[in-house]
Amino acid sequence: MEKLNDTHENQLLAALPAESLKRLLPALESVLLPPAEILYNFGDDLTHLYFPGRNTVVSLLCTTDERENVEVGLCGNEGAIGFAALFGAQTTAHQNLVQVPGRALRLPLAAAQDEFRRAGSFHDLLLRFAHSLFVQVSQTALCNRLHSDEERLARWLLLSHDRANSRQLPLPRELLAKLLGRSPSAASLTVSLLERAALVEYNGTELIIPDREKLESVACSCYWVARRESAKVLEQAR
């Protein structure tokens, strides 16, 4: 019964019809995702799918040959981590880092593949989520090229707030630098500009959003594009 309740924490699992969920339930395992936990590192074998619970956020980071990591996307309880294995990938091209800690349901790859091959609701929902994540990552690439660091940080904070449902977000300086693709000093300058405008409060470890509406006024249109695509995943399932 506890696992069944946990499935309601993830929107993708909660949208599944009862017969699909019944087949998956015996293989699902509830796990704790501590802060800064790496679910998959670059090149790791894909063995499980992780379905984050409510208020849990996982960052997707890319890397260079020089080991410089930059965040390119976020996943909360609207989707899953590790789903690329269902499309034929054996290893991951991203680092999946727990940004906001919480709980998740973990599903062995074999069980996920069996259900995916049925080409039913599980298959369709994962494809829709994959598309929405692709849009988010693509929009991030555009945003990194065209928009200011202040706009980009505001976009990222709003996306994180949507998933964590908290105005207080864990954000160590190292992660701040990775999400902006800047040096720690340049990233600190960006957040200080938002602080001076009373849009955020930051102590080097956690960031507080005192007024979301003001932050929305600073964010670029990329935020709204990514948010609309994410919402479509579940709208189409109803």
Response to the item:
For segment 1-63, listing GluC sites (Glu not before Pro) in a DSSP loop whose Cβ sees at most 15 other Cβ atoms within 10 Å gives Glu37
Item to complete: Name the shape class, rounded, prolate or oblate, that the alpha-carbon gyration tensor gives for segment 105-238, where a ≥ b ≥ c are the square roots of its eigenvalues, rounded holds for a/c under 1.5, and otherwise prolate holds if a/b is larger than b/c and oblate otherwise.
Response: prolate
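Could you work out [θ]222 nm for the chain from helices alone, using -39500 (n - 2.57) per DSSP H run of at least four and dividing by all its residues? Round to the nearest 500 deg cm²/dmol.
Numbers: 10 runs with 109 residues, N = 238.
Value at 222 nm, helices only, nearest 500: -14000 deg cm²/dmol.
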Worksheet item: Shape call for the chain from the C-alpha gyration tensor, a ≥ b ≥ c root eigenvalues: rounded (a/c under 1.5), prolate (a/b greater than b/c) or oblate?
Response: prolate
Discussion item. Test of understanding: ordering Lys178, Lys22, Lys232 by Cβ neighbours within 10 Å, fewest first, what list do you get?
Written reply: Lys22, Lys232, Lys178
Practice prompt. Would you order Leu107, Leu193 from fewest to most other beta-carbon atoms within 10 Å of each residue's own beta-carbon?
Written response: Leu193, Leu107
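The numbers here are math on the coordinates, done by the rules we state, and not lab data. It should be emphasised that the depicted structure is a prediction, and the values quoted were computed from it without experimental measurement. As a convention, Cβ positions derive from the backbone with ideal geometry for all residues, glycine included, and neighbour counts pool all protein chains shown.
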